[in-house]
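Engineer: Have a look at this one before I ask anything.
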Amino acid sequence: MMDVDPEIAYEHARAAYRRATRVDVVREALGVAAYLTGRYSEALRELRTYRRMTDDYSHVALEADSERGLGRPEKALAFISEIPLKRLAPEEQIELALVTSGARADSGDSAGGLAVLERIKVENLDEMLRARVELIRADRLAELGREEEAEELRSTWKPVYDENGEVEVLEDEELVSEGEGEIDSAGAGEEMLGDVDEPELSEGDDDDQREFEWDDDAFAEETASAGAEHGDGPEGVDGPEGVDGPERIDDARDTDQEEYE
């Protein structure tokens, strides 16, 4: 439902939350729905609560991007610097790299944001994921005044992105239910990461992992230094209502400046 009508999905998730506040998948669905509808404070709280309940780091890119949505790129970078990258799947690392690039640009460091993207071996990505990386690269190039290169990338990759549609955040089949409350948790997501160190792989995953290699481990070093420079981000807390945030469209957005408690 999230890829059809995120607002209705959010209302369903809120209904499920009222019946099952201690069910981890309910908190996850509410966090993702809140993110997709621009409620970034609520998304931060719910996704952090879900991570602490389950020790699942799969949505950390959404957490970091929510900090961006609240106009706090420095806190996003500080949070990213503390993420144990080996806990992330290859595509989740690519998503986090995309958020890192955007946060650097938001902080006035478009060159640093471009450098993050250039360490991704895009030739090993599937077409849709590569299109997203290349379009964000085009944004960084344009910010640096390299309009001709940016336009060339957009003319090549925007048709690919438009043809393939949106990206899932949750599996289409995932269903959250408690008592009479029931919600679909299919999702469409946003920008984000690439592989730094070799994660622990399950049997048969070796080929997939090699497809997402970085050129080197500089991403980990850069995010760590960014975190040290900007300081730690805030801790999330459990609780009900969140604060409505702005609608998010790639890197161009208005920002909700209300502080996350």
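Engineer: Using the structure shown, decide if residue 14 is surrounded by 23 or more Cβ atoms within 10 Å (Cβ to Cβ) and either modelled with pLDDT of 95 or more or touching a Pro at 6+ places or on another chain (Cβ under 6 Å) (or both).
Structural biologist: Numbers: surrounded by 23 or more Cβ atoms within 10 Å (Cβ to Cβ): no; either modelled with pLDDT of 95 or more or touching a Pro at 6+ places or on another chain (Cβ under 6 Å) (or both): yes.
Criteria not met by residue 14.
Engineer: Let me ask something else. What tally of residues in the stretch 59-97 results from selecting those that are among the hydroxyl-bearing types (Ser, Thr, Tyr) and either more than 22 Å from residue 10 (Cα to Cα) or open to solvent by 10 Å² or more (accessible area, probe 1.4 Å) (or both)? Show your work before the answer.
Structural biologist: Step one: list which residues in the stretch 59-97 are among the hydroxyl-bearing types (Ser, Thr, Tyr), which gives 66, 81.
Now drop any that are not either more than 22 Å from residue 10 (Cα to Cα) or open to solvent by 10 Å² or more (accessible area, probe 1.4 Å) (or both), which leaves 81.
Looking only at that region, the number is 1.
Engineer: Based on this model, can you work out whether residue 154 counts as charged (D, E, K, R) and open to solvent by less than 10 Å² (accessible area, probe 1.4 Å)?
Structural biologist: Details: charged (D, E, K, R): yes; open to solvent by less than 10 Å² (accessible area, probe 1.4 Å): no.
Taking the combined requirement at face value, the residue does not satisfy it.
Engineer: For residue 42, state whether it is surrounded by fewer than 18 Cβ atoms within 10 Å (Cβ to Cβ) and either part of a helix (DSSP H, G or I) or not β-branched (Val, Ile, Thr) (or both).
Structural biologist: Here the answer is no, as residue 42 does not meet what is asked.
Engineer: Taking the stretch 27-39 as the search range and keeping residues that are in a helix (DSSP H, G or I) and among the small types (Gly, Ala, Ser), which one is surrounded by the fewest Cβ atoms within 10 Å (Cβ to Cβ)? Explain how you work it out, then say what you get.
Structural biologist: As a first pass, look at the stretch 27-39 and keep what is in a helix (DSSP H, G or I): 27-36.
With the extra rule that they be among the small types (Gly, Ala, Ser), the set shrinks to 29, 31, 33-34.
Working: 29: 32, 31: 30, 33: 31, 34: 28.
Applying the filter and picking the extreme gives 34.
Engineer: Follow-up question, since we're still on this one. Just to check your reading of the model, which residue among 56, 106, 24 is charged (D, E, K, R), closer than 19 Å to residue 143 by Cβ and either open to solvent by 40 Å² or more (accessible area, probe 1.4 Å) or in contact with a Leu (Cβ under 7 Å, 6 or more places away or on another chain) (or both)? Can you show your working first?
Structural biologist: Values: 56 fails: closer than 19 Å to residue 143 by Cβ; 24 fails: closer than 19 Å to residue 143 by Cβ.
Result of the check over 56, 106, 24: 106.
Engineer: Do any helices (runs of 4 or more DSSP H) entirely within the stretch 85-171 hold 2 or more residues that are without any contact (Cβ under 8 Å) to a residue 60 or more places away in the chain and farther than 26 Å from residue 56 by Cα, and if so, which? So that I can check it myself, show each step before the final result.
Structural biologist: Values: elements: 90-106, 110-118, 127-143, 147-164.
Those helices (runs of 4 or more DSSP H) span 110-118, 127-143, 147-164.
Engineer: So, in the stretch 48-78, how many residues would count as being within 25 Å of residue 23 (Cβ to Cβ) and in a helix (DSSP H, G or I)? First the steps, then the outcome.
Structural biologist: In the first step, residues of the stretch 48-78 are kept if they are within 25 Å of residue 23 (Cβ to Cβ); the result is 48-66.
Going one step further and asking which of them are in a helix (DSSP H, G or I), we end up with 48-54, 60-66.
Residues flagged as within 25 Å of residue 23 (Cβ to Cβ) and in a helix (DSSP H, G or I) within the stretch 48-78 amount to 14.
The values are calculated or read from the model by the stated rules, or taken from the named source; none is laboratory data. Every value quoted in this text rests on a predicted model; they were computed, and no experiment measured them. Backbone-built Cβ (ideal geometry, glycine too); neighbour counts: all protein chains shown. These accessible areas exclude ligands, DNA and RNA; they are computed on the full protein's heavy atoms, side chains included. Shrake-Rupley method; radii C 1.70, N 1.55, O 1.52, S 1.80 Å.
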